Structures are given as C-alpha cells and as structure tokens.
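Asker: Take this structure first; my questions come after.
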Number of protein chains: 2
Amino acid sequence: MPVVGVIGGGQLARMMIPPAINLGLEIRVLAEQEGMAASLAATQVGDYRDLDTVMAFAKGVDVVTFDHEHVPQSVLHALVDAGIAVHPGPDALQYAQDKLLMRQKLTELGLPVPDWAAVENEGELQDFLDAHKGRAVVKTPRGGYDGKGVRVVSAAHEAADWFGTLDEDGRGGALLVEELVGFRRELAQMAARRPSGALAVWPVVETVQKDGVCAEVFAPAPQSAGRVAEVAAQIAVDVAEGLGVTGAFAVELFETNDDRLLINELAMRPHNSGHWSQDGSTTSQFEQHLRAVLDLPLGATGLRDNCTVMINILGGPEHGTVPDRYPAALDKHPTVKVHYYGKEPRPGRKIGHVNSVGDNLDDTVFEAREAASYFQD
Amino acid sequence: MPVVGVIGGGQLARMMIPPAINLGLEIRVLAEQEGMAASLAATQVGDYRDLDTVMAFAKGVDVVTFDHEHVPQSVLHALVDAGIAVHPGPDALQYAQDKLLMRQKLTELGLPVPDWAAVENEGELQDFLDAHKGRAVVKTPRGGYDGKGVRVVSAAHEAADWFGTLDEDGRGGALLVEELVGFRRELAQMAARRPSGALAVWPVVETVQKDGVCAEVFAPAPQSAGRVAEVAAQIAVDVAEGLGVTGAFAVELFETNDDRLLINELAMRPHNSGHWSQDGSTTSQFEQHLRAVLDLPLGATGLRDNCTVMINILGGPEHGTVPDRYPAALDKHPTVKVHYYGKEPRPGRKIGHVNSVGDNLDDTVFEAREAASYFQD
C-alpha cells in the first residue's frame with residue numbers, strides 16, 4: 001500500500017486523512033506535538049527542523065510531503081540526497097520560503113507581479129516610497145503568514161524594527177517592498193502538478209480577507225468565465241513549470257483596477273482558498289495533493305454544482321466549542337457541510353470552516369454565512 | 001468533543017472515519033483483530049462477545065454503535081443497563097439478528113413481506129413447498145450474510161443439514177421458509193433515524209446481485225419517481241418506527257412482477273446499498289449514521305447530480321492489489337471516485353467500490369463499469 005508521510009500536524013494534514021482512507025493509502029504524520037489537528041494519523045511527534053527526527057520519520061514512506069512550508073532547506077536536501085521522494089522538493093519550496101527569491105524568480109520568468117525591490121536599509125525603502133506615491137507594502141521575506149510579516153508604510157522609519165531584526169540575526173539580507181496595488185478584488189488559482197509533469201487546475205476563486213486572514217471564498221470567482229479564468233489558469237501553469245512545483249498549490253492574485261492579474265503570494269501545499277473543493281469539486285485539493293505527490297493521475301477538477309461558498313470559522317464560539325453548536329446549526333442548515341479541526345477556540349484562530357454548495361451565489365452565500373454564524377459569537 | 005465508539009473494525013467502521021474527521025468527532029473502534037479495515041481508529045482489539053471487553057471499550061464514549069449486527073443481546077443489554085447510549089439498541093437489533101423474529105414483527109405491523117413460515121422439520125417444510133408450487137427459499141434465522149444461509153429448495157431433504165444443525169446446537173428452534181417471489185428487480189431503501197424520532201430517507205435505489213452478493217447499485221432506481229419512491233420511503237419509515245431502529249439502516253425490497261414492494265431483508269447499520277451516497281448525496285450514509293446515533297440533526301439526502309452508480313470491487317486483482325491499478329484506472333477515469341478498504345484481494349471478497357456520478361444513467365453505468373474493471377481480473 002502506498003505510504004505518504006506528511007510533515008506537520010495541522011489541519012491541512014488532518015484533511016488529507018479522509019481521502020487517504022478513501023483511496024486506501026497509508027498516511028503517516030510527523031506532528032510538532034501531541035493532540036494536534038492531525039493526531040489521528042500521527043505516527044511520530046518531533047521537531048521538523050531536526051534532521052535525525054525527519055530521517056527516522058521518512059524511513060519506509062513512499063513520499064514525504066508537507067502541512068506547511070517551514071522545513072529547513074538543509075533537511076529537505078538531506079532527504080533528497082538519501083533517495084527519498086520529496087514533493088514539493090527543496091528547489092521549489094525555497095520560493096515559498098523566501099519572498100525575495102520568489103519575486104526574483106517570477107520576474108525572471110516574466111510573470112506579472114507588483115513593482116518590488118529588495119531594500120537593505122531605510123534609505124533604500126524611502127527611495128522606493130518616493131517613486132511610488134509615498135506608500136508601499138513592506139514584507140519580511142521569511143516566516144510570514146496570515147498577514148503577519150506584512151505592513152503598509154508611508155515612511156521608511158515605520159519599518160525600522162524589521163531592519164533592526166535583519167541586522168540582529170546576523171544574516172544581513174533585505175526586506176521586500178512592493179507597490180501598493182490598487183485592486184478590485186483578490187483571486188486565488190489552485191492547481192496540482194505531478195512530478196512527471198501533468199497538471200490540473202480548479203476554477204479560479206474569489207477570496208475575501210478580513211484583517212489579513214482569509215474569511216470567505218467564492219468558487220468560481222463571480223464574473224470570471226472566459227478571460228479571467230484563462231489568464232489565472234495560465235499563470236498557475238507557468239508558476240508550476242517555472243518553479244518546479246509538485247503537489248497542490250495556490251497562487252494568490254490581485255485583480256487590479258486596470259484589469260490585470262498580478263501575483264501576490266504563492267503557497268506550495270493545499271491552501272485555505274481550496275477548502276471549497278472538499279464539497280464543491282469532483283476532486284478535493286486534499287485528494288489531488290495525495291495523488292499528485294504519489295505521481296498518480298490527477299482527478300477531475302470540475303464543479304459539482306454552479307457554485308460553492310467557503311467561510312472560515314475564525315476564533316470560534318465564546319463558550320464551549322464547535323460541536324456544542326451542532327444541534328442548532330445543523331438543524332437550520334441541513335445542506336451545509338461543517339468542517340471542524342478539533343482545535344480549541346481562540347480569538348482569530350482558524351478552527352474550522354463551512355462549505356455551502358448551490359445553484360446560485362446569492363442563496364449560497366446567505367446559507368454559508370448563516371451557518372457559520374452559529375460557530376462565532 | 002463527542003465520542004462515538006464503533007464495535008467492529010470492518011469497512012463500514014472504516015468509512016465512518018472520514019465524516020468523523022470532517023465534523024471533528026472522536027471515533028474509537030473496537031476491532032476484532034489487528035490490521036483490519038478500520039485499524040486507523042482502533043483504540044482496542046478484542047472480542048465483541050466478551051462483556052468485560054465491551055464494557056471497557058464503552059467507558060468514556062458518548063454512544064456505542066456498530067460495524068455489524070452480531071453483538072450478543074446479553075452484551076447489548078448490559079451496556080444499556082449501565083446507562084450507556086447504544087444505537088441501534090438491543091430491542092431493534094434483535095430483529096436484524098433473527099430473521100424469524102423479523103418476519104413475525106413485520107407481519108404484526110402489517111408490512112408487506114413474502115409468504116413465510118417457521119418450520120421445525122422436513123415435514124413442515126414439505127407442507128410449505130406443497131402450498132407454494134414446490135419451490136421456496138429456506139434461510140437460517142441467524143448468522144447469514146451476503147447470500148450465506150440462504151438456499152432455494154424444491155424438496156424438503158435439501159435442507160436436511162440445516163435441520164440437523166438446529167438439533168445439534170441444542171437451541172431447537174426453526175428455519176425460516178419463504179415463498180420464491182417473482183420479482184422484476186431488487187430495490188433498497190436507506191434511511192436514518194434519530195433516537196428523538198426525526199427521520200431522513202435517501203432516494204430508493206436499484207441493487208443488482210451476483211451470486212447473492214451486491215454487485216451494482218443505481219441511485220436513484222430507474223423509473224422509481226412517484227409511486228415506487230413513495231411506497232419504499234413509507235416502508236422504511238414504518239420499519240424504523242415499528243422496530244425502534246436508530247442510526248442509518250437499509251430495507252432490501254423486491255419489486256414484484258405484479259407491482260408490489262415486499263421486504264426482503266433489513267440491515268440496521270450503514271449498508272452496501274448506500275455506498276453511492278459518499279459521492280452522490282449531500283450527506284453520506286456514514287456521516288448521517290454518526291449524526292443519527294449522536295442524536296444530532298440529520299443532513300440533506302438529495303442527489304448531487306442526476307444519478308450515481310456504485311460498483312463493488314469483488315475479489316480484486318489477480319496480481320497485486322487495488323492501488324497497483326491506480327496509474328491506469330485513474331488516468332482513464334478522472335471523474336470516478338475509488339474507495340479501497342485496505343483489504344487483501346481474495347475471491348469474492350468485498351475489498352472496495354467505485355462511485356460514478358453523472359447526469360445520465362447510460363454514461364454513468366458505462367463509466368463505473370469500465371473503471372471497476374481495472375480492479376478485477
């Protein structure tokens with residue numbers, strides 16, 4: 001039986017378990033600690049930065065893949081050198097781990113990105129601000145997620161603490177600064193690619209962020225049929241082939257006020273913008289990821305109905321936890337599918353999501369929002 | 001977090017794991033042995049006929065439910081007496097455990113069944129044969145499944161061995177004999193019922209048996225809209241309420257040549273005739289079963305598309321196992337969903353199934369059969 005080893009025990013690993021069970025694949029998880037979202041499949045608890053831990057975990061698996069992008073390059077390369085299949089591989093993951101490398105590579109490939117620069121000090125940042133109407137987005141190249149490590153500034157000293165940190169850790173380096181893109185909305189294009197090259201894309205979706213965190217996803221993105229869908233899909237193909245991505249991945253996009261699509265971020269793993277596919281697509285991103293990293297043929301990515309709306313459960317109920325609300329929520333919303341990660345509620349924490357599938361967007365959004373409201377107060 | 005304890009480690013328990021993960025429920029399995037289909041969730045290995053084993057397993061669970069109907073009444077009653085929720089409960093399960101009791105009860109309730117009798121010896125069986133054109137179906141009341149314990153006879157001595165066994169085990173008792181029903185096709189009606197009474201039915205399906213084993217299921221049953229669907233659904237409601245069934249259950253039906261629906265068998269658990277719902281219905285039978293036994297509101301049971309065809313993988317490949325065929329099968333059939341139970345191939349053994357969802361039956365049947373053929377040779 002094929003064995004997939006997943007590094008990281010969060011909800012993305014958790015949500016790989018159902019399709020692994022369906023397909024009769026063995027899934028093993030290296031969790032950071034006991035009691036994590038994916039603990040049911042955790043065969044080992046340990047530090048993914050420790051080579052011995054990871055090598056022991058990788059023994060006997062057919063492929064190593066990931067719940068997150070934080071495994072150090074040195075560990076990834078050691079796995080590859082030991083002849084272990086790693087997907088996505090270190091050469092692709094470096095671009096997800098370092099936003100400066102990512103911007104450089106995408107620019108080399110001629111892919112559409114916001115104006116950007118690597119800035120090593122406040123003077124260089126001020127030069128960029130002066131050339132971009134006095135406002136810009138500064139990002140720490142490494143370690144950011146869900147809006148962390150991202151800041152809009154209108155003066156160079158507003159990033160002084162981050163420049164200080166660059167000096168402190170002795171690595172030197174630079175911050176990434178990007179133009180503040182005037183965008184109409186944010187889109188996300190998910191796809192999956194096999195090591196042998198085949199690629200499948202889902203319909204492009206619209207994502208709505210609140211406080212830098214994904215809150216709602218509409219699949220497909222309204223008014224995206226035709227040009228927008230084609231351009232977004234082609235960008236995903238170009239990214240995957242240009243960067244050597246394998247497995248499921250997401251390209252977060254700005255749809256600009258002047259009708260361009262610009263690449264905002266990349267995620268080289270299943271992604272929040274693809275959770276809708278669990279109930280709304282013939283093949284979910286989690287099943288597709290397993291198929292892709294095992295180099296098995298990819299599943300069909302069509303919609304099961306006209307649209308699907310995903311809404312994150314952020315924070316959770318003030319008292320009790322998600323299942324405490326099932327008697328009321330499931331009674332009112334028999335068609336909505338609730339996904340709960342078994343995580344304790346905490347302000348701002350992603351602890352679950354709901355998917356609503358329907359034949360028109362208005363009703364489907366309403367249904368999803370009403371259902372999600374039972375789990376947040 | 002609600003905890004569901006499942007007695008029995010087969011594929012039905014296995015297929016409860018994905019919806020438990022989705023809903024954030026804890027699922028624990030008491031498996032008969034190591035390495036069974038549901039081993040991922042097995043927290044204990046032991047004999048379900050042993051009271052101490054079952055009582056230890058039941059400690060700390062919110063409800064005990066089942067992968068099969070074979071737990072002895074004495075064990076079931078001890079659980080109930082200890083204040084543990086058991087669904088379906090012993091009073092319902094007795095009818096699934098003893099076909100004579102079942103026939104008696106259904107007859108009392110006025111539900112449509114074939115002519116039947118309890119026969120204690122060859123003389124009584126011969127009387128029944130003489131009254132029914134010389135042919136009938138003899139069944140052992142207990143322990144039969146997948147065509148085992150069922151025999152068509154045209155002379156009483158053909159059941160001599162079974163009468164002998166009745167004597168041997170000292171329990172006396174009788175065999176069940178039923179008229180040989182002239183039927184057009186077999187149907188199955190699945191439904192689920194909460195302890196508090198609410199009930200949800202899926203569309204009635206057509207089942208095709210080969211050698212007494214379910215081979216194919218068409219959902220919904222062709223030409224069933226209207227009267228057939230209504231009558232079948234009402235039978236399921238009457239059975240559930242009359243016998244006090246809780247959880248997901250199946251009523252196997254004959255559609256007779258003279259347009260009646262007669263109850264053939266009952267299964268008080270998720271059932272092979274409901275596997276199509278994993279991909280073809282808004283709520284799968286496995287999710288619904290968990291919701292029902294926890295007395296949570298039931299999910300919508302509508303079809304996701306016009307039809308779904310389920311085909312069992314019986315026996316499996318002659319060489320290797322199911323995943324060995326994925327490179328070829330998944331490549332040709334990207335829309336088909338394969339379910340493999342992790343069981344070793346063995347002639348006649350149910351080791352998995354495929355579901356194909358589509359908008360017309362002809363294409364969907366073709367797709368499902370073609371896909372299934374990759375796993376059987």
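Quick note: the coordinates plus some simple rules give every number you see, no bench work behind them. These numbers were taken from a predicted model, which means no experiment stands behind them. When we count neighbours, we look across all protein chains shown, and the Cβ atoms used for this are built from the backbone with ideal geometry, even at glycine.
Asker: Just to confirm the numbers: B:PRO327, label point 7 angstrom along the Cα-Cβ line, distances to the other copies in nm, shortest first?
Answerer: 5.4
Asker: Once a ≥ b ≥ c are taken as the square roots of the eigenvalues of the Cα gyration tensor of region B:173-230, is the result rounded (a/c under 1.5), prolate (a/b larger than b/c) or oblate (a/b not larger than b/c)?
Answerer: oblate
Asker: How many angstrom lie between the C-alpha centres of region A:29-103 and region B:101-145?
Answerer: Rounded to whole Å, the Cα centres lie 62 Å apart.
Asker: In addition: Taking the axis about which chain A rotates onto chain B, which residue of A lies nearest it as judged by Cβ position, and how many whole Å separate them?
Answerer: For chain A, the closest residue to the axis carrying it onto B is A:PRO18, 2.
Asker: Another question, if that's okay. Going by amide H atoms built from the backbone, whose H comes under 5 Å of the H on B:VAL113, apart from near neighbours?
Answerer: Placed amide hydrogens put B:ILE263 under 5 Å from B:VAL113.
Asker: Have a look at the DSSP beta bridges in the protein assembly as shown and tell me what percent are antiparallel, nearest 5.
Answerer: Taking every DSSP beta bridge with both residues in the protein assembly as shown, the antiparallel ones total about 80 percent.
Asker: While we're looking at this one, here's another question. Which value in deg cm²/dmol, rounded to the nearest 500, describes the helix-derived mean residue ellipticity at 222 nm for chain A, given -39,500 (n - 2.57) per DSSP H run of n ≥ 4 and division by the residue count?
Answerer: The per-residue figure over chain A is -9000 deg cm²/dmol.
Asker: Still on this structure, I have one more. Between copies, how far apart are the B:ARG260 label points? List them in nm, one decimal, shortest first, with each point 7 Å from Cα toward Cβ, please?
Answerer: For B:ARG260, the inter-copy label distances come out at 7.7 nm.
Asker: What list of ³J(HN,Hα) values in whole Hz, one per residue of region A:104-111 in order, does the Karplus curve 6.51 cos²θ - 1.76 cosθ + 1.60 (θ = phi - 60°) give from phi, with Gly and Pro shown as x?
Answerer: Per-residue couplings from phi come out as 4, 5, 4, 5, 4, 6, x, 7 Hz.
Asker: Moving to a separate point now. Where the Cα atoms of chain A are projected onto their three principal axes, how long is each span, largest first, in whole Å?
Answerer: 58, 51, 43
Asker: Give, rounded to the nearest 20 debye, the magnitude of the charge dipole that region A:241-377 has about its Cα centre when Lys and Arg contribute +1 at Cβ and Asp and Glu contribute -1 at Cβ.
Answerer: Dipole size: approximately 540 debye.
Asker: Next question, about the same structure. Considering every pair of different Cα atoms, what Kirkwood radius, in Å, is found for region A:3-86?
Answerer: Its Kirkwood hydrodynamic radius stands at 12.5 Å.
Asker: Counting only other chains, and only Cβ atoms inside 10 Å, what mean value do you get across the residues of B:16-27?
Answerer: So the per-residue partner count for this stretch is 6.
Asker: For B:ARG304, enumerate residues with amide H under 5 Å from its amide H, sequence gap 5+ or separate chain, H modeled in the peptide plane.
Answerer: HN-HN under 5 Å from B:ARG304: B:SER281, B:THR282.
Asker: Continuing with the same structure: Between copies, how far does the label point of B:PHE366 sit from its twins, in nm, shortest first, when each point is 7 Å from Cα along Cα→Cβ?
Answerer: Result for B:PHE366, in nm, nearest copy first: 4.0.
Asker: Next up: Please state the charge dipole magnitude for chain B, taken about the Cα centre, from unit charges on C-beta atoms (+1 on K and R, -1 on D and E), reported in debye and rounded to the nearest 20.
Answerer: Dipole about the Cα centre, nearest 20: 740 debye.
Asker: Further question: I need the shape label for region A:183-373. Rule: rounded when a/c is under 1.5, else prolate if a/b > b/c, else oblate, with a, b, c from the alpha carbon gyration tensor.
Answerer: prolate
Asker: Whole-Hz Karplus ³J(HN,Hα) for region B:289-302, in order, using 6.51 cos²θ - 1.76 cosθ + 1.60 and θ = phi - 60°, x for Gly and Pro?
Answerer: Couplings: 4, 4, 4, 5, 5, 8, 6, 8, x, 7, x, 5, 10, x Hz.
Asker: Further, regarding this structure: Magnitude of the Cβ-charge dipole of the protein assembly as shown, K/R +1 and D/E -1, about the Cα centre, nearest 20 debye?
Answerer: Value, rounded to 20: 20 debye.
Asker: After finding the eigenvalues of the alpha carbon gyration tensor for region A:85-209, what semi-axes result from the square roots of 5 times each, listed largest first in whole Å?
Answerer: Semi-axes from the Cα gyration tensor: 29, 19, 13 Å.
Asker: Here's another thing I want to ask about it. Once you wrap a convex hull around the alpha carbon atoms of the protein assembly as shown, what is its projected area averaged over all directions, in nm²?
Answerer: 34.1
Asker: What is the mean number of Cβ atoms from other protein chains located within 10 Å of the Cβ atom of each residue in peptide A:328-334, rounded to a whole number?
Answerer: Counting other chains' Cβ atoms within 10 Å and averaging over A:328-334 gives 4.
Asker: If you average over every viewing direction, what projected area does the convex hull of the Cα atoms of region A:150-276 give, in nm²?
Answerer: In nm², the orientation-averaged hull projection of region A:150-276 is 9.4.
Asker: Also: Using the alpha-carbon centroid of each, what span in Å lies between region A:293-370 and region B:254-314?
Answerer: If you average the Cα positions of each part, the centres end up 23 Å apart.
Asker: Here's a follow-up. If you count, for every residue in B:40-51, the Cβ atoms of partner chains within 10 Å of its Cβ, what is the mean?
Answerer: 1
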